Every structure is written in structure tokens, then in C-alpha cells.
Amino acid sequence: MSGAPLLEVEGLAKHFPLGGGWLGGERKLLKAVDGVSFALAAGELVALVGESGCGKSTTGRLILRLLAPTTGSVRFRGEDLLAADARRMKELRRDIQVIFQDPYASLNPRMRIGTILEEPLVVHGIGNAGERRERVHEVLGQVGLTESALGRYPHEFSGGQRQRVCIARALMLGPSLVVADEPVSSLDVSIQAQVINLVQDLRQARELTILFIAHDLNMVRHISDRVAVMYLGRIVEEGRTEAVYQNPLHPYTRALLDAVPIADPTVRRQRQLLSGDLPSPVDLPPGCRFQSRCPEVMDRCRKEDPQLIQMDSVHRVACLLHG
């Protein structure tokens, strides 16, 4: 990564209280995100991957300040987002946008598409009515929808078309950073490919920086510059995409890649299947939190908590096998 990063996340954590604490009892915390650190350079697409419940979507919401973090820092172009007041944060949101996972739930069913797309411009006081209409038409064409869509409601579109509307809304203000929270997971495979190709084209045309949250490792390999693997609230491996796919260092990463299907039915391979129970994020074990499922667990894994270490210029891993 050359030059100052566009986005820097350091020690980010979100612990949800679950009650307790009565009569001197211990208060329980769900550690959804527990010390996440990474950075994005301008123009990069970084994929954040992992099983459901690992904390990747919560990480995206913390970066966007849709949730307040317990600890940590988020810096955008060197500015601390967590220290920004409401007025400043509104200004910054012009440059930081989001594409949500569910394209139907994130669109107001009572608003026409034209109104939905114009709304960000109205909220930020951009242009007059004519200029806003011109901008809406421009962005609508960029995502492959026609002018006839403007007078229709979200329920009149297919899932893929609704996601195109969501992408158009995210682009209305010309952002530099987009957090895409599993934007294709609810779509059919053929529609997924169309939306991914659209995101790639728009990224190149607009030089967008994208944090792409996903669980489809096969798709992520073809679109990302770097990939970060999360497990129970922490990043356990991070690096250039091909470095991680060609030489996965963490046993969890290897297990995830082994689970990716191969299109050739004649190919046979030895799969590493995970056994054991997934620990509760409310009651994490001492030491490595992957120890109960790891096929290469050692005695020290039950005592020492591994931290991310730099293996080379393009690869980091949090595993005692390498430290």
C-alpha cells in the first residue's frame, strides 16, 4: 500500500451488553467485534469475509457510524470519524456511502424510484430541481436502468433491478468510499454476476474505494485486491488476494477455501473438514478462539492469544503456528 491510506481502522471493537450484573453478578458482553485493524488505499477493493456471525457486517456499520463502537478509531483521509459531531458527520457522509444486503428492505416501499434517488441530493442541498433531475438520469443510466424506472415503486422491480437502484443511490453524491454489505447474497447466481460486473465497471470508471463484505470466497477472488478473513470478531488473516488463496496460512482460512466448490466434476481433492463446537462470543475461551475447531491445535493455543503478525510485505496472520 503506497501513500497515506484513505481509510484506517485501528483496534475497533463493539461489545453488546446482555444484562447481568445483578447483586454483584458478572455482566455478560457479546463481543461482536473485538479489536479489528486494517486500512484501505484509494482505489482499492478489499473483501472482508467469514462465516455468518463473525462480525463483518457489524464492522461495516461501525465504520459508517451506524453503530457506536466500544473502543477503537476510524480515520477517513486522516480525520477521526468517531470524533466528528453530527454536522460534520453529515458532510462526511457525502463521501462515504453504503450498499445494504437486502435491496428491498433498504428502499422505502412508498416512494417512487425517482424520489428515492433524488433524496440524497435534497438532504445535502445539492443543485436545483432541474440539476437534480439531470443527475438522477445520469446515474440511472450508469447502472443500466432506463428512464421508465423513475415513476415506479420498488415492488415493481426484480431483486437485481432493486440492487441496481441501491447502487445508484449510493453513487448519487459521488462518494470516494463505498461499504458494500453482502450486496449480492440475496440474488440469484446469474443476477449476482451482473451486479458484480456493474460494481467492477463503476469502480474503474469512478476510481471508487470499496470495502466489500461477503462470504462467497469464489466470487471474492475475482474482484478483490486484498482479502481479510474474520473469525469471532477478529481478523485472523489478511493479505493480497492471490497470496491468501495460493498460500493460506491460518487453518480457518484453509478450511474456508476447501469448502469452495470446484466446477470440474473430474477433480478430486482432500478437504479439511472442521470439527468441534463454535465457541460463544459471550463466553470466549482463553487463548486462541479457534482452538476448539482447529485440526492443528497445540497446548500453547489454549493459553496464548495470537495477534496479527506480518509474514511478508503482502501477508499477515494471527496463528501461533507462525509466531
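Bear in mind that the values in this text are calculations on the coordinates, not laboratory data. Just so it is clear, the structure is predicted and the values come from calculations on it, not from any experiment. Note: ideal-geometry Cβ built from the backbone for every residue, glycine included; neighbour counts use all protein chains shown.
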Practice problem: Within 10 Å of each residue's Cβ, count the other Cβ atoms and sort THR59, THR266, THR241, THR115 from fewest upward. | Solution: THR266, THR115, THR241, THR59
Self-check item: VAL260/ASP85 FRET efficiency (R0 41 Å; Cβ-Cβ; nearest 0.05)
Solution: 0.40
Self-check item: Theoretical ellipticity at 222 nm over the chain - DSSP helices of four or more residues, -39500 (n - 2.57) apiece, nearest 500
Solution: -8500 deg cm²/dmol
Self-check item: Karplus-derived HN-Hα couplings along region 74-84 (A = 6.51, B = -1.76, C = 1.60, θ = phi - 60°), whole Hz, x at Gly and Pro
Solution: 10, 10, 10, 6, x, 9, 6, 5, 6, 9, 6
Quiz prompt | Backbone N within region 154-187 under 11 Å of label point (7 Å from GLU138 Cα along the Cβ vector) | solution = 172-174
Exercise. Just name one of LEU171, PRO109, GLN192: the one whose Cα is farthest towards the positive end of the charge dipole of region 76-198 (beta-carbon charges, Lys/Arg +1, Asp/Glu -1).
Key: PRO109
Self-check item: Estimated vicinal HN-Hα couplings, Hz - region 152-164 in sequence order (Karplus 6.51, -1.76, 1.60; Gly, Pro = x)
Solution: 9, 9, x, 5, 8, 10, 6, x, x, 5, 5, 5, 5
Quiz item: What net charge is computed for the residues neighbouring ILE309, neighbours being all others with C-beta under 14 Å from the C-beta of ILE309, Lys and Arg scored +1, Asp and Glu -1?
Solution: -3
Practice problem: Name the residue, out of VAL195, VAL46, VAL165, whose mean-square fluctuation peaks in a Gaussian network model built on the chain with Cα pairs under 10 Å. | Solution: VAL195
Practice problem: Rank ILE262, ILE210, ILE126 by mean-square fluctuation in a GNM of the chain with C-alpha springs under 10 angstrom and give only the top-ranked residue. | Solution: ILE262
Quiz item: How high is the FRET efficiency between LEU67 and VAL282 when r is their beta carbon distance and R₀ equals 30 Å, given to the nearest 0.05?
Solution: 0.95
Practice problem: Give me the percent of Cα-Cα pairs in the chain that sit more than 37 Å apart, rounded to a whole number. | Solution: 22
Exercise. Find how many whole Å separate the alpha carbon centroid of region 72-89 from the alpha carbon centroid of region 244-285.
Key: 36
Exercise. Quick one: work out the % antiparallel among DSSP beta bridges in the chain, nearest 5.
Key: 60
Exercise. Which order do the peptides 60-68, 301-309, 226-234, 174-182 take when ranked by the mean count of other beta-carbon atoms within 10 Å per residue, highest first?
Key: 226-234, 174-182, 60-68, 301-309
Quiz item: Amide H to amide H, which residues 5 or more places from THR70 or on other chains are under 5 Å from it, using H placed in the peptide plane?
Solution: ALA13, LYS14, HIS15
Self-check item: Lysine pairs with alpha-carbon atoms under 14 Å apart, region 1-113, spacing 8 or more or separate chains
Solution: 4
Exercise. Rounded to the nearest Å, what's the spacing between the alpha carbon centres of region 305-323 and region 226-241? Just the number, please.
Key: 11
